[in-house]
Amino acid sequence: MIVKVTRSGGFAGLMAHGELDTAGQPDADRLEAALQALDPARLGSGRPQPDRYVYRVEVRDAPERDATHLIVAEQDLDETTAWLLDRVLQS
């Protein structure tokens, strides 16, 4: 799976980008489980709040496949999703 994350907002308004292909990653099973667990209905409204981050997530099963797009507000992150987004941004 291929995942792209863009984080914007926050106190300073800085942007961060990351992209990761789970293939060949030592934690590929955990990454793919976290990606498959993403549920737009459970992740909240995606509405930003002052001085908080907003994450734009794009997930593809393969490069030639259509992407799934999600917008997640910082206040709506659960522990697994927060780990996933941080992992991609650090790649």
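What follows is calculated from the coordinates using simple rules that are stated; it is not laboratory data. Here the structure is a predicted model, which means the values were calculated and not measured. Note: ideal-geometry Cβ built from the backbone for every residue, glycine included; neighbour counts use all protein chains shown.
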> Helix 79-89 versus the longest principal axis of the chain: what angle, 0 to 90°, nearest 10, using Cα atoms?
Replying inline: 80 degrees
> Measuring from label point to label point, each 7 Å out along Cα→Cβ, what is the residue 16 to residue 33 span in nm?
Replying inline: 2.4 nm
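222 nm [θ] for the chain, helices only, -39500 (n - 2.57) per DSSP H run of 4+, per residue, to 500?
On the way: 2 runs with 20 residues, N = 91.
Only helices count here, giving -6500 deg cm²/dmol.
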> If each residue's Cβ is checked for other Cβ atoms within 10 Å, how do 66, 27 rank with the fewest at the top?
Replying inline: 66, 27
> Among 30, 47, 87, which comes first, then next, by fewest other beta-carbon atoms within 10 Å?
Replying inline: 47, 30, 87
